[in-house]
């Protein structure tokens, strides 16, 4: 595509929107910036936006005077200005699509990972395995920095490893990963999607442009993924932690077995720094991708052993008074909380609550009954969570995270866990789950002092 002097509107000035603006400027386009937030609300936005024509507080007809519109993931595609844009035939892209357009003619291979849970850990682990094996790999997308934050158009990377959300996939047109990975599909973001089918359809768009030259990696242990054998044109490879469904990587007798290049190596799950069966599954699929990229099993094995996991994902924070504090702020839905509760073998003091995503918390009742000794509830969803679990566990309603942490430490006993695994988004109290997790860790370290 010819970008010189092309007029492009960018709607939403969060991380991906700002990255798109800067990239558009670099390639010679003329960006117009539009955000529904007021000038006062945008005061912390980098001063670079003053170098561009922009509007704040509303999306005006000026947006429609552009040849293309880049829509940030947090902006719903059914807002009035975008409905008008579609009526006029103006293309709507996500920043993900912009990045693809800049890389599609380079030699860089794209590995894209999506799913309702486990995306960040798997994306990071695949990137880690590639880097540890000597490949020039980029980590970007819905984790870390946006796709277009880097010099992707120069073809300097062997592999670009992208965490991809449904919101980003809503805005693709030609996006085509060489390897597309679907980890699982469970209800999520039902505050934005009207139905689970609508959400699932957005997730499945990751495969829609793949050809027979490309590979789709699917989780055989997930019922929704298991049904995707005939989706699209790409080659399908399944993985599992319960059955041997491919010849490359499988899990058996507590061992991850890696078979590549005529050599077979195994790694005990006890040697993995990340815990829980869900993380064994993440390690299996990441190893499988390593094999598909032609990596030596010894390199994959070594990388699995030294992967330290991610901040805010079952992150061990401290042991105080023989109580272990765990930060799982990334757990923004019930499935993530289920995985967290299944990862520990001693009583759990659980901190839950946050902004509402239309979650049905009743699926957690069996694990709450089995593993949780005290439940501390906060945030917008407090009443709903209390009503769901009041018959099954001792509940303490708290005003915020500080009260929750202090009370959990006071009530808990030595040998127990104090786990932040909210099962909700963070927007009622924090800008994002990272800010919530950092606050939790700060509160824990204050107790430790």
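Compute the distance from the alpha-carbon center of segment 26-44 to that of segment 351-380, in whole Å.
What the calculation gives is 38 Å, centre to centre.
Can you put 88, 192, 313 in order of Cβ neighbours within 10 angstrom, beginning with the fewest?
On the way: 88 7, 192 18, 313 23.
Going from sparsest to densest Cβ surroundings: 88, 192, 313.
If one computes the Cα centroid of segment 246-278 and of segment 279-311, what distance in Å separates the two points?
Using only Cα atoms, the two centres lie 9 Å from each other.
Express in nm, to one decimal, how much length is gained between residue 394 and residue 36 on full extension, taking 0.36 nm for each residue of separation and deducting their alpha carbon distance. Mind showing how you got there, number by number?
Working: separation 358, 0.36 × 358 = 128.88 nm, distance 4.28 nm.
Once the chain is fully extended between residue 394 and residue 36, it gains 124.6 nm.
What is the Cα radius of gyration of segment 206-358 over 2.2 N^0.38 Å, N being its residue count? Can you show the working numbers first?
Details: Rg = 17.6 Å, N = 153, 2.2 N^0.38 = 14.9 Å.
Its radius of gyration relative to the 2.2 N^0.38 Å reference: 1.18.
Modelling each spin label as a point 7 Å along the Cα-to-Cβ direction, I'd like the residue 44/residue 310 distance in nm, to one decimal.
It works out to 2.1 nm between the two label points.
Taking a quarter of the surface of the Cα convex hull of segment 6-156, what do you get in nm²? Numbers along the way, then the final one.
Numbers: hull surface 39.7 nm².
Average projection, Cα convex hull of segment 6-156: 9.9 nm².
What's the center-to-center distance, using Cα atoms, between segment 131-193 and segment 48-100 in Å?
Result: 21 Å between the Cα centres.
State whether segment 97-305 is rounded, prolate or oblate according to the following rule on the C-alpha gyration tensor (a ≥ b ≥ c being the square roots of its eigenvalues): a/c under 1.5 gives rounded; otherwise a/b larger than b/c gives prolate, and the remaining case gives oblate.
Oblate shape, in that a/c is at least 1.5 and b/c is the bigger or equal ratio.
Taking the Cα of residue 151, stepping 7 Å toward and past its beta carbon, and measuring to each backbone N in segment 84-111: which are under 20 Å?
The answer is 99-110.
State the percent of C-alpha pairs, over all pairs in segment 315-448, separated by a distance greater than 28 angstrom.
Pairs farther apart than 28 Å: 5 percent.
Can you give me the distance in nm between label points at residue 79 and residue 229, each placed 7 Å from the Cα along the Cα-to-Cβ direction?
4.4 nm
Arranged from highest to lowest average of other beta-carbon atoms within 10 Å per residue, in what order do the peptides 258-264, 18-24 appear?
Details: 258-264: 14.6, 18-24: 23.9.
The peptides rank, most packed first, as 18-24, 258-264.
I need the semi-axes of the equivalent ellipsoid of the chain: take the C-alpha gyration tensor, multiply each eigenvalue by 5, square-root it, list largest first in whole angstrom.
36, 30, 19
Roughly what % antiparallel, to the nearest 5, for the DSSP beta bridges in the chain? Spell out each step's value before the answer.
Numbers: 16 of 72 bridges.
Given both bridge residues lie in the chain, the antiparallel proportion sits at roughly 20 percent.
Classify segment 382-449 from the C-alpha gyration tensor, please: rounded if a/c falls under 1.5, else prolate or oblate depending on whether a/b exceeds b/c. Mind dumping the intermediate values first?
Values: a/c = 2.10, a/b = 1.08, b/c = 1.95.
Oblate.
Relative to the compact-globule scaling 2.2 N^0.38 Å, provide the ratio for the alpha-carbon radius of gyration of segment 81-152. It would help to have the intermediate numbers written out before the result.
Details: Rg = 15.2 Å, N = 72, 2.2 N^0.38 = 11.2 Å.
Output field value: 1.36.
According to the square roots a ≥ b ≥ c of the eigenvalues of the Cα gyration tensor, what is the shape class of segment 7-90, taking rounded for a/c under 1.5, prolate for a/b larger than b/c otherwise, and oblate for the remainder? Spell out each step's value before the answer.
Numbers: a/c = 1.72, a/b = 1.21, b/c = 1.42.
Oblate shape, in that a/c is at least 1.5 and b/c is the bigger or equal ratio.
Once fully extended, how much extra length lies between residue 264 and residue 194, figured as 0.36 nm per residue of separation less the alpha-carbon to alpha-carbon distance? Can you show the working numbers first?
Values: separation 70, 0.36 × 70 = 25.20 nm, distance 4.66 nm.
The residue 264-residue 194 span can extend by a further 20.5 nm.
No lab work stands behind these numbers, since they all come straight from the coordinates. Fair warning: this is a prediction, and the values are worked out from it, not measured in the lab. Methodologically, a virtual Cβ is constructed for each residue, glycine included, from the backbone with ideal geometry; neighbour enumeration extends over all protein chains shown.
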